[in-house]
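Here the structure is laid out as structure tokens; the discussion comes afterwards.
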Amino acid sequence: MYVPIRPTKIYEQVAEQIEQLILSGELRSGDRLPTERAFAEKFHVSRTAIREAMKLLEQKGLVEMRPGRGTRVIDGTMQAVRHSLGLMMRVGQRGNLLSLVEVRELLEPGIAAMAAERAGEEEIATMREAIALMDEHLTCADSYIAADNSFHRALARATQNPVVLSLVDSIVDLLSEQRKLIFMVSGGPERGQVHHKRLLDAILRHDATAARETMYAHLRQVRADVASGLDPTEWEAENARVSSIGEDV
């Protein structure tokens, strides 16, 4: 029940101090950090401790180490989140696609409604371009999915809320995996385009209610196509897993 307290290692203390400087804004993305030797002198520790601290910070997505070019601060947290979620998808295999549909049903109707109220010309132009590209690549999965991602990212950007955009960016790899499955379902890309065009129309009219309802309809289509793309046994097992969650609480 209890975990014994262990002394904090020197490199962890060094990493914690540097992390706090980054989080507080004293060190910003793009700033180059001192050399190992300079850091060792500042902290009165060995260069090995500094090296291990940098590795720990790199794992957290806070710095980037380049041999011969030093270490600089980066905003790599989103990449770290995407990597973690991608790993979760691979470990859980395709059953997690239903969980992703549920997350989208929670987030995206609200995103669509907010985008309808706030979208600017730049975001609308990006949506138009994405829809045109999807029309041109209904038989090319990679190109269609790239344009599909661009369309939904433009919707998120149209909310003018950077946190919303960060949330969408954090699951873009998972969305790509889901879209690959849907693309293989007969008529999946074409059905998606019907909803994309209706969403754009609602955005152009700044009709938040229509945008929300259209996104709900789009996600119902996504749910149905994911069900068609999964093996029936996989789908039934995942439905049973999700249904049992409430019973276990």
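The values are calculated or read from the model by the stated rules, or taken from the named source; none is laboratory data. Just so you know, these numbers come straight off a predicted model, no measurement behind them. Cβ atoms come from the backbone with ideal geometry, glycine included; neighbour counts cover every protein chain shown. SASA here: full protein model, heavy atoms, side chains in, ligands and nucleic acids out. Shrake-Rupley method; radii C 1.70, N 1.55, O 1.52, S 1.80 Å.
Quick notes on this structure:
- All told, Asn149 meets the bar of being under 17 Å from Met215 (Cα atoms) and either at pLDDT below 90 or out of contact with any strand residue (DSSP E or B) (no Cβ under 6 Å at 6 or more places or on another chain) (or both).
- Residue within segment 172-182 that is open to solvent by 70 Å² or more (accessible area, probe 1.4 Å) and farther than 22 Å from Gly229 by Cβ present: no
- Boolean, Glu102 is modelled with pLDDT of 95 or more, closer than 19 Å to Glu177 by Cα and either open to solvent by less than 10 Å² (accessible area, probe 1.4 Å) or part of a helix (DSSP H, G or I) (or both): no
- Which numbered condition Leu167 fails, given (1) open to solvent by 50 Å² or more (accessible area, probe 1.4 Å); (2) free of Cβ contacts under 8 Å to residues at least 24 places away in the same chain: (2)
- Restricting Gln79, Gln59 to those that are within 30 Å of Val222 (Cβ to Cβ) and at pLDDT below 90 reduces the list to Gln79.
- Test: residue in segment 132-143 that is within 17 Å of Val101 (Cβ to Cβ) and crowded, with 16+ Cβ neighbours inside 10 Å: no
- Taking the listed residues Ala240, Ala211, Ala202, Ala224, the one that is assigned to a helix (DSSP H, G or I), at pLDDT below 85, hydrophobic (A, V, I, L, M, F, W, C) and out of contact with any Lys or Arg (no Cβ under 8 Å at 6 or more places or on another chain) is Ala240, with no other qualifying.
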